Amino acid sequence: MEEARLVKNAAAFKLLVLSKNLSKKIQAGDFRLSASMAASEIAEALTHGSVDVWITFPEGWRREEYAARLEANFPGFDKNQFLSLTEKAEGSLFPDTYLIPHEATTEEIVNILLNNFDKKAKDEAEKAAKSSGLTVKQVLTMASIVEREARGKDRPIVAGIYSRDSKITGRFRLMQRFSMLLEV
């Protein structure tokens, strides 16, 4: 792996694997590894075997779109269970590229997605909620609405309009209903 420039120092990588108790969990197979990955990410990836699936969810996707992509990539995936488990998680399904074990259950996949949100965006959502006077759920709902309605440079403008409108008129609930119509 040092020759492939995936790790800078093979001995340090071996110590990392040993310190994380991963040496007995590493599996043989083909892996998608990148020099841009941290050594700990590479070590963790080697424990999942070659049957893991890389899957990408773009920004702005609704949970129904996540479900359709997952259903196409995982034979045992239960779309209805996914939609039930994520019913109150709209906005918490973080757009990213995931490495998911091929044999993962629907519930395990949901946990992977939600844990990634917690790791990458929860703190920022909580800060935004605190500074705006909204709840985290309201911030996520507004972000989802803005993502669906605006792209690129227009996002801050649309977000500002919705934010001012909800503070002035108290119509946040109306915005939430409008966003539900967009999902149909």
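Here are the numbers:
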item	result
Flag if residue 172 is at pLDDT 90 or above and surrounded by 12 or more Cβ atoms within 10 Å (Cβ to Cβ)	no
Pair list, Cβ under 7 Å, 6 or more apart: segment 105-123 residue over 13 Å from residue 77 (Cβ atoms), other residue polar (S, T, N, Q) and surrounded by 14 or more Cβ atoms within 10 Å (Cβ to Cβ)	114/92; 117/92
Residue count for segment 49-59, restricted to those that are in contact (Cβ under 8 Å) with a residue 40 or more places away in the chain and part of a loop (DSSP other than H, G, I, E, B)	5
Subset of segment 29-59 that is β-branched (Val, Ile, Thr) and surrounded by 13 or more Cβ atoms within 10 Å (Cβ to Cβ) - its residue that is nearest to residue 121 (Cα to Cα)	55
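Matching residues to (1) at pLDDT below 85; (2) of a type in the set (Phe, Trp, Tyr); (3) touching a strand residue (DSSP E or B) at 6+ places or on another chain (Cβ under 8 Å); (4) assigned to a loop (DSSP other than H, G, I, E, B):
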residue: 4; (1), (2), (3), (4): yes, no, no, yes
residue: 11; (1), (2), (3), (4): no, no, no, no
residue: 17; (1), (2), (3), (4): no, no, no, no
residue: 21; (1), (2), (3), (4): no, no, no, yes
residue: 25; (1), (2), (3), (4): yes, no, no, yes
residue: 34; (1), (2), (3), (4): yes, no, no, yes
residue: 47; (1), (2), (3), (4): yes, no, no, yes
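The values are calculated or read from the model by the stated rules, or taken from the named source; none is laboratory data. Because the structure is predicted, anything quoted here is derived from the model rather than measured. Glycine also receives a Cβ, built like all others from the backbone with ideal geometry; neighbour counts cover every protein chain displayed.
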